[in-house]
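Asker: Got a structure for you, questions after.
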Amino acid sequence: MSELASRRILLGVTGGVAAYKAAELLRLFVKAGADVQVVMTDAATRFVTPVTLQALAGRPVHTDMWDPGIANNMAHIELSRDRELIVVAPATADFMAKLAHGLADDLLSTLCLARECPLAVAPAMNRQMWDNAATRRNAGLLRSDGVAVIGPAAGDQACGETGMGRMVEPGDVYAEVVALLAPKTLAGRRVLVTAGPTFEPIDAVRGITNLSSGKMGYAVAQAAAEAGADVTLVSGPTSLVTPARVARIDVTTAREMRDAVMARAGGADVFVAVAAVADYHVLDAKDHKMKKQPGVAPSLKLAENPDILAEVAALPRAPFCVGFAAETENLREYAQAKRTKKKIPLLAANLAREAFGADDNALTLFDDHGEHVLPRAPKIRLARALVGHVARMLASR
Ligand code: CTP
């Protein structure tokens, strides 16, 4: 089931070049099963036609306050009455100014003023308009009124300039909307997550590491943030983008990861150890590049790394600990043994071969009540299911 299935969204489109991105955003909403009502300003119709958005939404697009087709002629109330969220993307500087000051001189601004649901805006404008003191003031006013301001982003602009003011990409607006609509099951909780591999140097250019893309750990951090938690992500080397509203701390070795985690574990309510931590580090690692000596194969002396999860679980006031296990066989048996050995309430296990680097996976959760199978799905969806499971376990403690 998609995260937006049957969610009722009103997509407002205002008049800027980025209006073409609204079509892509709408397509993402519709593909996710959302029920989307589109409302365009008059200026927006100069950039994309209502016909385009109507075809994508599968229902009429409204642009006019005085549309006789709307029941009881109360368009300003009727169209947003059953909506769970209004998202205005793109939102021009002018439209943001209207919202900030409570003006209602067209259908979309009137709907926003008369709404009962949350409102999000994705600003899109020339960099100088965004930098203008009035626009910054208006964005601040909107934020303090509880409006979610998504972006803007920096980059090339339609006017040929480069700077801050581009609309955030449709996929990122979509992700923000998912987060805004997610049940806040971890509100007020502090969640600490480890992700990615660790890298244990042999010399300045070589090292020992584990296969891990970090995708599952980042997905867990994202899902926890969506659920309203205050999330810190301690990450080994990855090439991934930090999820929104997540504080990220970069580390390289297992010992650095342990130090970063132990400094924060006391204040955490939940610790999710997703990192593929190297079990050993190299004693006497060289800080220069070692040269080959023909005919001599060097041997490495290894020392055990700290078991971060076991250390956190052994704290006197340990957070709720969740472990991950990647096994190549005997999943159930090894997973339960690992959970008992590390003394943790919940362990998520998967078959290693199937998960590495992929965008989807299948997980089995093991807790005191037995096992819960999460069938193959994108990692973010599994992460949301895992976060939901953690929230239920926390609530029943
Ligand atoms: N973990 C950790 N610190 C370590 C090693 C593992 O925090 N030094 C965490 C991982 O993040 C994961 C879980 O412990 O949540 C994995 O357990 P572990 O027993 O270390 O897994 P493997 O290394 O795969 O163990 P084994 O080789 O025994 O299968």
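The values are calculated or read from the model by the stated rules, or taken from the named source; none is laboratory data. Quantities reported herein were computed from a predicted structural model and do not represent experimental measurements. FYI the Cβ positions are ideal-geometry reconstructions off the backbone, even for glycines, and counts take in every protein chain you see. For accessibility, only protein heavy atoms count, side chains too; no ligands or nucleic acids. Shrake-Rupley method; radii C 1.70, N 1.55, O 1.52, S 1.80 Å.
Asker: For His101, His369, what's the largest-to-smallest order of accessible area, 1.4 Å probe?
Answerer: Putting His101, His369 in descending order of accessible area: His369, His101.
Asker: Same structure again: Using Cα springs under 10 Å in a Gaussian network model of the chain, which residue among Val296, Val387, Val121 shows the largest mean-square fluctuation?
Answerer: Val296
Asker: Continuing with the same structure: How high is the relative contact order of the chain, in percent, counting Cα pairs under 8 Å that sit 6 or more residues apart?
Answerer: Once normalised by length, the contact order is 11 percent.
Asker: What are the ³J(HN,Hα) couplings of the stretch 309-317, residue after residue, when phi is run through the Karplus curve with 6.51, -1.76, 1.60 and θ = phi - 60°? Round to Hz, x for glycine and proline.
Answerer: Result, rounded to whole Hz: 4, 5, 5, 5, 5, 8, 4, x, 10.
Asker: Also, I was wondering about something else. On full extension of the chain, what length is gained from Asp279 through Asp360, given 0.36 nm per residue of separation minus the C-alpha to C-alpha distance? The partial results should precede the final answer.
Answerer: Numbers: separation 81, 0.36 × 81 = 29.16 nm, distance 2.56 nm.
Using 0.36 nm per residue and subtracting the Cα-Cα distance, I get 26.6 nm.
Asker: Keeping every protein chain present and rolling a 1.4 Å probe, give me the accessible area per residue for the chain in Å².
Answerer: I get 48 Å² per residue for the chain.
Asker: Under a 10 Å cutoff between Cα atoms, tell me which one of Phe271, Phe47, Phe29 has the largest fluctuation in the Gaussian network model of the chain.
Answerer: Highest fluctuation of the listed residues: Phe47.
Asker: Got the relative contact order for the stretch 80-181 handy, in percent, Cα pairs under 8 Å and 6 or more residues apart?
Answerer: Reported as a whole number, the value is 28 percent.
Asker: Further, regarding this structure: Under a point spin-label approximation (7 Å from Cα along Cα-to-Cβ), what is the Asp67-Asp156 distance to one decimal in nm?
Answerer: 3.5 nm
Asker: For the stretch 147-154, take each phi angle, set θ = phi - 60°, evaluate the Karplus expression 6.51 cos²θ - 1.76 cosθ + 1.60, and give the result in whole Hz per residue in order, putting x for glycine and proline.
Answerer: 7, 7, 9, 9, x, x, 10, 9
Asker: Expressed as a rounded percentage, what relative contact order does the stretch 135-263 have, with Cα pairs under 8 Å and six or more residues apart?
Answerer: Working: 206 pairs, mean separation 25.8, N = 129.
In percent, rounded to a whole number, it is 20.
Asker: Here is a follow-up. Give me the net charge for the shell around Ile208: Cβ to Cβ below 15 angstrom, other residues only, Lys and Arg +1, Asp and Glu -1. Before the final figure, lay out the partial values.
Answerer: On the way: positive: Arg206, Arg255, Lys286, Lys301; negative: Glu200, Asp203, Glu256, Asp279, Asp284, Glu304.
Taking every Cβ under 15 Å from that of Ile208, the sum is -2.
Asker: Could you check how much of the accessible area of the chain is carbon and sulfur, as a whole percent, using a 1.4 Å probe? Intermediate results must be reported in sequence, preceding the final value.
Answerer: Values: 10050 of 18980 Å².
The C+S portion of the solvent-accessible surface of the chain is 53 percent.
Asker: Using amide H atoms built in the peptide plane, which far-off residues or other-chain residues are under 5 Å from Val88 H to H?
Answerer: Gly12, Ala120, Val121, Ala122
Asker: When the dipole is taken about the Cα centre of the chain, and only Lys, Arg (+1) and Asp, Glu (-1) are charged at their Cβ, what size is it in debye, to the nearest 20? Intermediate values should be presented prior to the final figure.
Answerer: Details: 45 positive and 43 negative charges, 165 e Å.
Taking the Cα centre of the chain as origin, the dipole is about 800 debye.
Asker: Between Leu351 and Glu116, how many nm apart are label points set 7 Å from Cα along the C-beta direction?
Answerer: Between Leu351 and Glu116, the simple spin-label model gives 5.0 nm.
Asker: Using 0.36 nm times the number of residues separating His101 and Val30, minus their current alpha carbon distance, what extension gain do you get? Don't jump to the answer; show the numbers that get you there.
Answerer: Details: separation 71, 0.36 × 71 = 25.56 nm, distance 3.17 nm.
Going from the current span to full extension adds 22.4 nm.
Asker: Where is the GNM fluctuation largest for the chain (alpha-carbon springs, 10 angstrom cutoff): Thr194, Thr92, Thr45?
Answerer: With Cα springs under 10 Å in the chain, the top fluctuation among Thr194, Thr92, Thr45 is at Thr45.
Asker: Report the gain in length on full extension from Leu302 to Thr49: 0.36 nm times residue separation, minus Cα-Cα distance, nm rounded to one decimal.
Answerer: Between Leu302 and Thr49, full extension yields 84.5 nm more.
Asker: I'd like the distance separating the alpha-carbon centroids of the stretch 361-397 and the stretch 231-286, in whole Å.
Answerer: 22 Å
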